[in-house]
Amino acid sequence: MSPEQVRSTRRGPTTPGDRPPRLGRIPLLDNTLSMLRDPLGFYDRVGAMDADVVGYNVAGTTGYFLTHPDLVEEVLVTNEGDYEKGRLLRDTLGEFIGKGLFLLEGEEWQRQRTALQPAFYRERIATYGETMTDFTAETAAGWDDGDRVDLLPEMQSLTLRILGKTLLDIDVERTAATLEPLLDALRTRTDPSSLSAYVPLGVPTPSNRRIKRTRAAFEATLDEVIAERRAEATETREARDDVLSLLLSLDEETMDRERLGHQLLTFLVAGHDTTALTLTYAWFLLGNHPERQRRLREELDETLGRSDPTPADLFELPYLDSVLTEVLRLYPPAFTTFRQPTRPVTLGGYDIGTDAQLTIPQWLVHRDERWYDAPDAFRPERWTDEFEADLPDYAYYPFGGGPRHCIGMRFARMEAKLAIATLAQRFRFEAVTEPPLDLAMRITLSPTDPVRARVRER
Ligand code: HEM
């Protein structure tokens with residue numbers, strides 16, 4: 001078979017009006033139980049089907065997986081105006097962040113995205129570099145030679161401190177006390193293997209009561225933070241340009257208290273776990289591939305000596321860049337993207353109605369052997385210029401695509417690279433947790449058990 005044939009779309013409709021192949025042998029069988037038992041296995045069974053559009057039915061929802069890069073591009077970029085984020089996301093997260101950037105639609109989304117963009121300009125982000133490196137060095141200072149480190153909580157605390165300082169300039173120690181319990185409650189609520197994901201928030205289950213309680217505490221902290229910042233702005237008249245100040249500078253109609261709460265929670269949810277998971281997976285993979293870790297250290301030593309990295313140094317560190325790219329391919333924290341058509345559409349030759357939830361899974365597309373040799377292998381060196389030039393657009397999209405792509409992409413990539421380099425300058429990481437990792441599909445792709453590494457001082 002020629003590469004062109006291998007790369008062509010897979011099975012489509014043979015006669016007009018055909019329906020996409022479905023998961024499960026019995027047509028119209030509800031797939032809820034199978035999703036509840038093992039979401040990742042559910043995705044993997046879709047990946048194993050020889051089809052680019054696969055239908056399913058979970059909790060009364062008709063859904064379609066789209067697994068070809070051309071379909072990803074069509075929905076996220078080319079015809080993005082025909083799609084919204086959709087009911088599935090609104091039902092689970094709308095109550096908390098429905099008026100934040102991630103879920104807003106139309107003109108209001110456009111207005112807020114434009115207002116917030118300055119906090120993410122390239123030059124602005126470069127000024128966050130020192131905080132990112134300094135905070136990482138502080139994390140490292142808490143470790144001793146031979147410590148067994150539980151990576152995710154360490155990286156979560158690091159990325160939360162960085163986010164709090166750079167984007168909101170708030171005292172994160174205080175905010176974390178109320179934020180962490182809320183995030184934890186939200187993680188359970190959005191875990192498709194947990195029944196609570198399917199129970200409306202109004203039903204007073206223990207999980208829903210916990211959400212209400214933790215949310216009230218978070219809102220109270222937020223009220224204090226907002227009051228302090230408003231008082232400071234009146235006293236000093238000094239304009240800051242972090243995200244919190246940008247939001248507070250909008251007029252009351254554009255940014256009332258509810259919107260502000262949703263917006264801040266959006267940034268804390270979107271920017272905190274995602275990067276912490278990226279770093280956790282990076283050390284898991286580098287710990288289990290000592291030869292790749294050695295190559296990374298050699299590059300760092302050659303370019304930086306023993307000094308800490310700056311944003312400008314990152315241009316000189318191509319292997320570090322490839323390591324991060326490969327980590328995000330294998331373990332994309334945003335493991336899927338959801339959309340719902342706003343008018344009837346045709347995708348991959350199939351007619352799809354406006355009630356359909358579209359699942360556009362990074363998890364499957366990033367591990368498709370049509371685009372990646374040995375797709376499950378950690379090979380940073382695969383990312384050569386030639387490979388990238390040959391790779392179909394949207395065979396790789398850890399930050400989404402089109403106008404709704406991640407506003408924090410540059411921030412996250414810089415943060416992850418500075419943190420990896422700063423830690424690798426100080427320690428060698430030896431694997432304690434070995435593959436395969438057990439993963440859960442919560443808001444983000446998360447390990448179910450602690451991921452540990454032993455650190456050795458260099
Ligand atoms: C490795 C880290 C990250 C990953 C993998 C990631 C992934 C993504 C993806 C895939 C989307 C698009 C979702 C969709 O189209 O439905 C997105 C949107 C978004 N991300 Fe990130 N993200 C990361 C870090 C961050 C950071 C650090 C921030 C903030 C500082 C952030 C803030 C946002 C926001 C606000 C949106 C919504 C943008 C909009 O709709 O206009 N993300 N992210």
Margin query: Cβ-Cβ distance below 6 Å, separation of 6 or more or different chains: which pairs start in segment 88-101 with a residue that is not hydroxyl-bearing (S, T, Y) and end on one that is not in a helix (DSSP H, G or I)?
Written below: L88/F338; L88/Q357; L89/F338; E95/L201; I97/L103
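Per-residue answers, yes or no, for (1) under 23 Å from the mean Cα position of the chain (by Cα); (2) modelled with pLDDT of 85 or more; (3) crowded, with 18+ Cβ neighbours inside 10 Å; (4) closer than 13 Å to L179 by Cβ:
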{"position": "D241", "(1), (2), (3), (4)": "no, no, no, no"}
{"position": "L247", "(1), (2), (3), (4)": "yes, yes, yes, no"}
{"position": "R259", "(1), (2), (3), (4)": "yes, yes, yes, no"}
{"position": "L265", "(1), (2), (3), (4)": "yes, yes, yes, yes"}
Next item on the list: Looking at (1) assigned to a helix (DSSP H, G or I); (2) over 23 Å from A233 (Cα atoms); (3) over 21 Å from the mean Cα position of the chain (by Cα), find the lone condition where T175 falls short.
Entry: (2)
Checklist line | Test result for G129, touching a strand residue (DSSP E or B) at 6+ places or on another chain (Cβ under 9 Å) and either surrounded by 15 or more Cβ atoms within 10 Å (Cβ to Cβ) or closer than 24 Å to T254 by Cβ (or both) | finding: no
Margin query: Can you report the number of residues in segment 174-213 which are of a type outside the set (S, T, N, Q), under 19 Å from Q156 (Cβ atoms) and at pLDDT below 75?
Written below: 3
Notebook entry, point to check: What is the number of the single condition among (1) touching a Phe, Trp or Tyr at 6+ places or on another chain (Cβ under 6 Å); (2) crowded, with 19+ Cβ neighbours inside 10 Å that A59 does not meet?
Noted result: (2)
Next item on the list: Among the residues of segment 373-391, write down those that are of a type outside the set (F, W, Y) and either surrounded by 15 or more Cβ atoms within 10 Å (Cβ to Cβ) or part of a loop (DSSP other than H, G, I, E, B) (or both).
Entry: D373, A374, P375, D376, A377, R379, P380, R382, T384, L391
Next item on the list: Looking only at segment 392-407, decide whether some residue is surrounded by fewer than 17 Cβ atoms within 10 Å (Cβ to Cβ), away from the ligand (no atom under 16 Å from the Cβ), assigned to a loop (DSSP other than H, G, I, E, B) and modelled with pLDDT of 95 or more.
Entry: yes
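Regarding segment 362-369, can at least one residue be identified that is within 11 Å of the ligand (Cβ to nearest atom) and either of a type in the set (K, R) or at pLDDT 95 or above (or both)? Give the derivation first.
Narrowing segment 362-369 to residues within 11 Å of the ligand (Cβ to nearest atom): 362.
Narrowing further to those that are either of a type in the set (K, R) or at pLDDT 95 or above (or both): 362.
Within segment 362-369, one or more residues are within 11 Å of the ligand (Cβ to nearest atom) and either of a type in the set (K, R) or at pLDDT 95 or above (or both).
Does at least one position in segment 409-425 carry a residue that is in contact (Cβ under 8 Å) with a residue 12 or more places away in the chain, part of a loop (DSSP other than H, G, I, E, B) and either more than 15 Å from Y331 (Cβ to Cβ) or in contact with an Asp or Glu (Cβ under 9 Å, 6 or more places away or on another chain) (or both)? Break it down stepwise before answering.
Of all residues in segment 409-425, those in contact (Cβ under 8 Å) with a residue 12 or more places away in the chain come to 410-425.
Now restrict to residues that are part of a loop (DSSP other than H, G, I, E, B): none.
No: zero hits.
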Notebook entry, point to check: Has segment 373-380 got at least one residue that is in contact with a His (Cβ under 9 Å, 6 or more places away or on another chain), under 30 Å from R294 (Cβ atoms) and within 12 Å of the ligand (Cβ to nearest atom)?
Noted result: no
Note to self: more than 9 Å from the ligand (Cβ to nearest atom), under 18 Å from the mean Cα position of the chain (by Cα) and surrounded by fewer than 17 Cβ atoms within 10 Å (Cβ to Cβ): is that true of G81 in this structure?
What the structure shows: no
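Take M441 and tell me if it is farther than 29 Å from A119 by Cα, in contact (Cβ under 8 Å) with a residue 12 or more places away in the chain, within 23 Å of the chain's Cα centre (by Cα) and within 16 Å of the ligand (Cβ to nearest atom).
Yes: the conditions hold for M441.
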Note to self: Return the residues of segment 137-175 that are hydrophobic (A, V, I, L, M, F, W, C), within 16 Å of the ligand (Cβ to nearest atom) and free of Cβ contacts under 8 Å to residues at least 60 places away in the same chain; say none if nothing qualifies.
What the structure shows: V172
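The values are calculated or read from the model by the stated rules, or taken from the named source; none is laboratory data. Please read all numbers here as calculations on a predicted model, not as lab measurements. Ideal geometry is used to build each Cβ from the backbone, glycine not excepted, and the neighbour counts take in all protein chains shown.
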